Amino acid sequence: MADSHSSRLAYGSPSDEVAEDYRKALEDLTMNSRYEISNLTVIAKENTEHALAISEALKNHIKQTSPAKKLPAFYVLDSVVKNVGTPYTLFFGRQLYSTFMEAYALVDNNVRRKMDEMLKTWKEPVPGSIDTRPVFPPEVTRPIENALIKARTSAVQAHQEHLRSQQQLMGRGRPIASPAPYRNTPTPPGALRPQTQVPPGYASGYSQQQFPPPANGQQYSNQMNGHQQYGLPQQPPSQHYSQPSGSASSWQQPQMMGYRAPENSIDTLNSDIANLITASKAEFAQNPWDSSIQTRLKALLDLQTILSSQKLPPDQIALIKDQVAQLSEASQPQPRIQTPPAHPPPPAPVAAAPPPAQQPSLSSILGSGALAALLARQSATPQPTPPAQSVAPVRSPPQTRAQPSYNPLAPPASSSTPVPDPNSLLEKLRAAGMLPAVPAVPAATSTPPLPIGSLVGSVPPGFPPPFINTPPNATRTPLADVPNDVVLKPASLKIPRPHLISNLYERLGSPCTQCGRRFQSDDEGRKKKTAHMDWHFRVHQRMTEAEKRGQHRSWYVDELDWIKSREVEEDQNTSAADIAGGPGAAGSVTANEPKLQYLAVPDDPALANSICPICQEKFEMKWLDDAQEFVWMDARKIGDRIYHASCYAEATKDGGNSQVKRGTPEPILGKRKAEVSGIENRRL
Amino acid sequence: MAQLSGVAIPGLGQAAPTAASSAPAVAASVAVHELQANSEWRFEVAIGRSIEVKVLSGTAELFGTELALNHTYTFRGTKAAIFTWHGCRIEVTGACEEYTAEETPMVLYVNTHFALEKLRDDASKGKGESPRVLVVGPTNAGKTSLVKLLTAYAIRMGRQPMVINTDSREGLLSIPGSLTATPFASIIDVEQGWGSSPTSGPSPVPVKLPLCYYYGLPSPEDNTRLFKPVLTRMALAATSRLSDDQAIKDSGMIIDTPGVVSQGKGGYDLISHIVSEFSVNIILVLGSERLHSDMLRRFSGYRTTTGETITLVKLDKSGGCVDRDDEFMRQTREAAIREYFFGDPKRTLSPHTQQVNFDDATIYKIREANPMLASFLPGGEEDTELELYEKVEPSSMILNCILAVMYAALNDSQETIRDATVMGFVYVAEVDEKKRRMKILAPLNTRITDRPMIWGSWPEATMSLIG
């Protein structure tokens, strides 16, 4: 790419002069020409001492130039930041939001798509570079993403409204007012045929002028690593889908995809979805309390219903198909635990709420990985994912999630999942900052006509922490390997031993973003961390429930129980027991005590003193660490009454003869007990 | 007790608004502090106030517990310090008195931890005993902060130390007046002193399970006849747990003491008592030359029950230690009691009130050793004739007092009741002498009249919880 072009600029010339030259060169840039863009990049590279002036010139150019010339100018910016990097990233980063958004508002959908793609690459490391940092730090790209998502979401909703009214008006007729043709080829927009929908100002010249294939046939592509944007179906275009335009579609994303004959697609699609549902159901059976699986399952079932009951526009089908295909691909949880990129301590704080987890955690939070994989479809790419952490609350997930209800095509949700509304639960968690606000499964359900790729692609698989302040994780070194010569003698205690401090930090692994607890990066550590994140997740989940129920301080344990109790790591005692510990749940299985049945001690005072109707005895109250609750052991709720599980089992075993007593039947004693408890109730 | 964090390290002036003028700085709204490596940001938040702290970059720890990056921590009514080994940037929202200190005894403290860690490693390999550490020192020398620091470091390295609190002035995972033994296997709640004992609901920070005894007086010397046997009992339970529980056994014990025992003869006897009951093998003397030499004299040549000698180490007091005045301590006690019944801001608890007839309640009042009476006895011998407790009928005297509900039967002997652990605490909210009944606030809705209750003078009856 070296070029004589740069010689045009005398070294040491004042910044103004360089900037002026650069500006002029930019003015000449009217199309997506790799040659010219390379030149401009080289100039920028060789004049880093004037980086500020050059970046200002480019910024101003992007602002002032006609919409048709904005994309090539952006390609220059893109090329400069990727090939030169600092200090340009710094200078561009400062106002990237306004630069990007102002232009985005003015350009047409094709250019927007290109800009989306470009934005996506900015959140990743430069392809082929050893530097694992993203092109722009997340705090620069995130606001842009957020704004785009917001805009799209509202556009989608408006579009669907519009669509519905259109359909009501003209049946299945398509508005012809302003058709925007779309193709699914990755060829530059210049190859598109003229568009009639573009605003008058530059409409006529748009397609001819803007991106004519450059003479040398080469175009600058910011997708230099050749990866494809998601959302681009691979089928050849068989027809063009004309998108209805309306006021709402000004923000709308191009429906750049062609699609197959709908019937075909739908058939494959249906079978794909059916497969996924089967898989999800199996998963659900394994993790019945994993709301993420429920969410996904519900979404898939909804999708199935939609597909079977509605005739969807082909573009939406194409989108769904894409989603489903990716979901299927991602059927295996990918425990892609990478040590977070080693970054020097960043000067910049991270704005948004802390991500709940690090790399491995998303999949752990969202269950056995499938949903995480859905979000992390890009995880297949070998590059480290960009630390676009903290995508959290600002991403306005509620709108996205709420889409099904806006979607006029969506029938009432057909849910076969036992939990009433996992969505609301998830939403609460998001609100609590517990979950990254990620437009997750509903993207597949609601089939928004968005380039989901750019949307989902922006969510890296694991939300690595933005920057790890401590040195990269060393491989685990037991303390014994580190010379620890401290003895309890004044002289020895006074010597600073910085090498030992690492035993409390980096040697312990990377910290949990919720509580700072560190976990090793080996297999066991990862497993523990996953369990730990699950625990955080469950606690937050349960805290909301508990708040409603009301909670109280428990009695302290007595001596004997205390001596016998063991501090199990709360979070390492995974699912089974804890899951069943929920109110009303019974029949948990723990490793130690198979088929342990218990019930959370009822808060209702009337129930709290209840006795087993069969044996007339009280329940054994016990603090269950796994459940973080006091429970009645061997208890089971049948209807409104609580029984000893063993009594009930015995009683029902022989034909429901409920007179069978447990232990020595002492009806009189039992009666007395019942009275006592009645008195107690009154007194309390 | 939750405010134990305040205990000593951090400090500067008093939190009371009246003392504000003496404060080096009063931060307001949002401030970002850049801390150099090995420096400490000390802050005081007045009771009733709160600040939010967020670590933006670097590493930071509060009394040994690492703070998560970009996580907002809220501190209420506390005196504490954030230390950094690597340097960090913290963002502070809200007003507090604060300053940054470059000089800290942290190297000393962390080396102490690593020395203990070595002993633990050795112990788990069968070489020697695990450390059973006693921390002594004058009041406000930073004992509890050091205990917490050593505990937190041990937890971080995967240990499960047992923490013993013998200071009834402040509680540990319980209210003042209690003595507790608690194994720590999970992260200490940095916002809430030591964290929380179990509740009926989930907890954002894992709860700890204390074994709780009741002493009910502010100073061990107020009634050594009660204090010593209770300690003996607690040591027995703790030792039993240790012998059963390998993880704790390898980690050892860390014992906090009240400052008053470090002040002279009578107190030294109590130290000896603790040393022998808990088989202490390491004594950390905080901030007092004289105490150090007294301890040397007392324990040189001493052998524990397992035949070990005692290692005695003098450690410097942190410059951040600050005197906590009576008012602050009183408010801290109140806050601890309030927290016991009503929870903390992260989690609201709903206690229950119940009416109890005078005749149904079995209440034992702790007799305070009467110094007048003792002085008449030959050789300062204690009056062993007098019973420990006096069975009393409720009266208006008991209003706003705390009663400890014991794990004992109504007809148990006084010794049995003394040795029993505490089931929970209740608060007398109303006394109606005419109708002979009282209103009791209990953490949960269970009958309490089938157990004896102990009425101590500590924590004092000073406030109305239900207002």
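The values are calculated or read from the model by the stated rules, or taken from the named source; none is laboratory data. All figures in this text were calculated on a predicted structure; none of them were measured in a lab. Neighbour counts are summed over all protein chains in view; Cβ atoms, including those assigned to glycine, are modelled from backbone coordinates with ideal geometry. Just so you know, the surface numbers come from the protein's heavy atoms only, side chains and all, with ligands and any DNA or RNA stripped out. Shrake-Rupley method; radii C 1.70, N 1.55, O 1.52, S 1.80 Å.
Looking only at strands (runs of 3 or more DSSP E) that lie completely in the range B:399-442, which have at least 2 residues being surrounded by fewer than 20 Cβ atoms within 10 Å (Cβ to Cβ)? So that I can check it myself, show each step before the final result.
Details: elements: B:402-406, B:422-432, B:437-442.
Result: B:422-432, B:437-442.
Mind listing just one residue for me: the one in the range A:545-562 that is at pLDDT 90 or above and more than 7 Å from every other protein chain (Cβ to nearest Cβ) and, of those, nearest to the chain's Cα centre (by Cα)?
Of the range A:545-562, the ones at pLDDT 90 or above are A:552-562.
Among the residues that remain, those that are also more than 7 Å from every other protein chain (Cβ to nearest Cβ) are: A:560-561.
On the way: A:L560: 47, A:D561: 43 Å.
For the range A:545-562, the residue satisfying everything is A:D561.
Let's see how each residue does on (1) within 14 Å of chain A (Cβ to nearest Cβ); (2) closer than 30 Å to B:K127 by Cα; (3) in a helix (DSSP H, G or I); (4) open to solvent by less than 40 Å² (accessible area, probe 1.4 Å):
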site	(1), (2), (3), (4)
B:S243	yes, yes, yes, no
B:I248	yes, yes, yes, yes
B:I255	no, yes, no, yes
B:V261	no, no, yes, yes
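Mind checking which residues of the range B:176-187 are modelled with pLDDT of 95 or more and in a loop (DSSP other than H, G, I, E, B)?
Filtering the range B:176-187 for residues modelled with pLDDT of 95 or more gives B:176-184.
Correct list: B:P176, B:G177, B:F184.
Of the residues that sit in the range B:190-207 and are open to solvent by 10 Å² or more (accessible area, probe 1.4 Å) and more than 9 Å from chain A (Cβ to nearest Cβ), which one is nearest to B:L444 (Cα to Cα)?
Only one residue fits best here, namely B:Q192.
Please state which one of A:L58, A:L71, A:L40 is closer than 22 Å to A:E139 by Cβ, surrounded by 23 or more Cβ atoms within 10 Å (Cβ to Cβ), modelled with pLDDT of 85 or more and among the aliphatic types (A, V, I, L, M).
Numbers: A:L71 fails: closer than 22 Å to A:E139 by Cβ; A:L40 fails: closer than 22 Å to A:E139 by Cβ.
Being closer than 22 Å to A:E139 by Cβ, surrounded by 23 or more Cβ atoms within 10 Å (Cβ to Cβ), modelled with pLDDT of 85 or more and among the aliphatic types (A, V, I, L, M) holds for just one of A:L58, A:L71, A:L40, which is A:L58.
Taking A:P143, is it surrounded by fewer than 20 Cβ atoms within 10 Å (Cβ to Cβ) and under 19 Å from the mean Cα position of the chain (by Cα)? Can you show your working first?
Details: surrounded by fewer than 20 Cβ atoms within 10 Å (Cβ to Cβ): yes; under 19 Å from the mean Cα position of the chain (by Cα): yes.
So A:P143 fits the description; yes.
Residues that are of a type in the set (A, V, I, L, M): which helices (runs of 4 or more DSSP H) entirely in the range A:67-137 hold 2 or more of them? Walk me through how you get there before you give the answer.
Working: elements: A:67-83, A:88-94, A:96-106, A:109-122.
Fully inside the range A:67-137 and qualifying: A:67-83, A:96-106, A:109-122.
Counting only residues that are modelled with pLDDT under 90 and within 8 Å of another protein chain (Cβ to nearest Cβ), which one in the range A:476-497 is farthest from B:V110 (Cα to Cα)? Outline the logic, then answer.
Within the range A:476-497, the subset modelled with pLDDT under 90 is A:476-485.
With the extra rule that they be within 8 Å of another protein chain (Cβ to nearest Cβ), the set shrinks to A:479-480, A:484.
Details: A:L479: 14, A:A480: 17, A:N484: 12 Å.
Ranking the candidates gives A:A480 first.
Criterion first (within 12 Å of another protein chain (Cβ to nearest Cβ), open to solvent by 50 Å² or more (accessible area, probe 1.4 Å), part of a helix (DSSP H, G or I) and not aliphatic (A, V, I, L, M)) does B:R338 satisfy it?
Working: within 12 Å of another protein chain (Cβ to nearest Cβ): yes; open to solvent by 50 Å² or more (accessible area, probe 1.4 Å): yes; part of a helix (DSSP H, G or I): yes; not aliphatic (A, V, I, L, M): yes.
Spelling it out, B:R338 is indeed within 12 Å of another protein chain (Cβ to nearest Cβ), open to solvent by 50 Å² or more (accessible area, probe 1.4 Å), part of a helix (DSSP H, G or I) and not aliphatic (A, V, I, L, M).
Given the conditions (1) within 28 Å of B:M329 (Cα to Cα); (2) touching a residue at least 24 places away in the same chain (Cβ under 8 Å), which single one is not true for B:T112?
Of (1) within 28 Å of B:M329 (Cα to Cα); (2) touching a residue at least 24 places away in the same chain (Cβ under 8 Å), only one is false for B:T112: (1).
Inside the range A:514-541, can you point out the residues that are away from every other protein chain (no Cβ under 13 Å) and either over 19 Å from the mean Cα position of the chain (by Cα) or of a type in the set (V, I, T) (or both)?
Correct list: A:S521, A:D522, A:D523, A:R526, A:K527, A:T530.
Confirm whether B:L119 is in contact with a strand residue (DSSP E or B) (Cβ under 7 Å, 6 or more places away or on another chain), within 10 Å of chain A (Cβ to nearest Cβ) and among the aliphatic types (A, V, I, L, M). Spell out the reasoning first.
On the way: in contact with a strand residue (DSSP E or B) (Cβ under 7 Å, 6 or more places away or on another chain): no; within 10 Å of chain A (Cβ to nearest Cβ): yes; among the aliphatic types (A, V, I, L, M): yes.
Judged against the criteria, B:L119 is not a match.
Check A:L148, A:L90 and return the single one that is of a type in the set (A, V, I, L, M, F, W, C) and under 18 Å from the mean Cα position of the chain (by Cα).
Numbers: A:L90 fails: under 18 Å from the mean Cα position of the chain (by Cα).
Of the residues listed, the single one that is of a type in the set (A, V, I, L, M, F, W, C) and under 18 Å from the mean Cα position of the chain (by Cα) is A:L148.
Assuming A:S502 fulfils every condition listed in (1) part of a helix (DSSP H, G or I); (2) under 16 Å from B:Y153 (Cβ atoms); (3) at the interface with chain B (Cβ under 7 Å from one of its Cβ atoms) apart from one, which condition is it?
Tallying (1) part of a helix (DSSP H, G or I); (2) under 16 Å from B:Y153 (Cβ atoms); (3) at the interface with chain B (Cβ under 7 Å from one of its Cβ atoms), A:S502 fails exactly one: (3).
Which number in (1) at pLDDT below 85; (2) part of a helix (DSSP H, G or I); (3) surrounded by fewer than 18 Cβ atoms within 10 Å (Cβ to Cβ) marks the one condition that A:A158 misses?
(3)
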